[in-house]
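Read-outs: derived from the displayed coordinates by stated rules, not from any lab. Everything quoted here is computed from the prediction, not taken from an experiment. Quick reminder, even Gly has a Cβ in these numbers, built from the backbone with ideal geometry, and neighbours come from all protein chains shown.
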Amino acid sequence: MTTNLTLYNDARHSEEDIYAYEWEDLADGLITNEHGSVIKLLCDQMTADDTVLLIEPMSGTGKTAKFIIDNAETPANIPKIVTQDVFQNTFLYCGEFFEIVEDDPRVFQNTITPDTLDYNMAGEVQGVTKHYDDADDIYIDLNVDPEVRSKIELGEIPGNVNADMSTMLNVNGDALGQEHEVFAPTLIVLFPFPISLGYPLHEAEGLVGGVISSLRKLPVGGVLALMDIHYERVNVQMWRAIDCVKDIHGYEFEQEWLLGSLPDGSQSVYKAAIIKRIN
């Protein structure tokens with residue numbers, strides 16, 4: 001049964017000594033000390049029956065999974081951890097993933113099929129084909145601005161994308177579950193890709209789709225932790241996704257806005273959101 005997670009407010013997060021956490025210094029990753037407090041305070045509420053999904057685009061090095069293991073309040077309660085990525089070395093080196101997590105059998109890879117790039121005669125990327133296990137391939141012409149989808153169109157985005165538990169494998173090749181089982185992580189941590197590749201409108205439509213799919217995966221009591229919401233490109237798509245899933249699918253959420261408290265006690269912009277499904 002999924003743990004019904006409690007959302008701590010920003011004042012509680014500011015009490016964490018984020019520089020006392022144990023870190024795997026040999027690996028790069030998108031996780032920061034501040035992100036660590038968000039993840040730790042949620043994971044420390046879980047049991048070994050729970051599952052955490054880490055969505056780390058082109059950055060699934062194992063560092064975030066190792067952080068959860070090394071900083072667990074109760075080691076016996078460490079949840080199953082699934083890192084989702086293409087696990088190629090396009091942005092960060094991901095070739096030592098299982099070495100970084102020290103072959104811990106509680107850690108699984110959810111390897112998604114990388115996009116296929118289409119080049120013109122000058123060697124410039126002009127399009128991309130996205131591949132899905134349970135749907136037809138989609139070709140995106142990067143020379144044409146995408147249509148901004150309506151709320152109704154966004155509502156057609158499924159929650160079961162990249163959710164085949166039989167293909168989520170640990171270091172021993174053991175699967176997290178079977179194909180017919182419903183993948184419903186207690187916690188999903190979504191790190192938006194940190195840089196623009198020069199196609200902001202396409203990237204926006206991709207991000208809103210990823211947030212919607214994540215929200216729709218949540219069981220009641222489950223939480224999506226979305227990082228980097230202080231960037232407009234993330235914040236706008238977050239609200240599009242929340243409004244869509246509430247209005248089209250009837251989900252209800254409670255939220256806390258985090259990482260806005262400065263060391264001197266003053267307030268800055270919030271950098272992370274934790275969004276809990278409550279119905």
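Counting the residues of region 184-215 that are in contact (Cβ under 8 Å) with a residue 12 or more places away in the chain and over 13 Å from the mean Cα position of the chain (by Cα) gives 9. Only one of the numbered conditions (1) touching a helix residue (DSSP H, G or I) at 6+ places or on another chain (Cβ under 6 Å); (2) surrounded by fewer than 18 Cβ atoms within 10 Å (Cβ to Cβ) is violated by ALA76, and that is (1). What are the pairs, 6+ residues apart or on separate chains, where a residue within region 132-146 that is touching a residue at least 12 places away in the same chain (Cβ under 8 Å) has its Cβ under 6 Å from a residue that is assigned to a loop (DSSP other than H, G, I, E, B)? Pairs that qualify, where the first residue is touching a residue at least 12 places away in the same chain (Cβ under 8 Å) and the partner is assigned to a loop (DSSP other than H, G, I, E, B), are LEU142/TYR199. Among residues of region 260-279 that are assigned to a loop (DSSP other than H, G, I, E, B), those with a beta-carbon under 9 Å from a residue that is basic (Lys, Arg) at least six positions away or on a different chain give the pairs GLY260/LYS271. Region 1-117 holds strands (runs of 3 or more DSSP E) entirely within its bounds, and those carrying 1 or more residues that are within 20 Å of LEU258 (Cα to Cα) and touching a Ser or Thr at 6+ places or on another chain (Cβ under 9 Å) map to 51-55. Of all residues in region 226-270, those satisfying the criterion of being surrounded by fewer than 22 Cβ atoms within 10 Å (Cβ to Cβ), touching a strand residue (DSSP E or B) at 6+ places or on another chain (Cβ under 8 Å) and either more than 30 Å from MET165 (Cβ to Cβ) or of a type in the set (Gly, Ala, Ser) (or both) are TRP257, GLY260, SER261, GLN267, SER268, TYR270.
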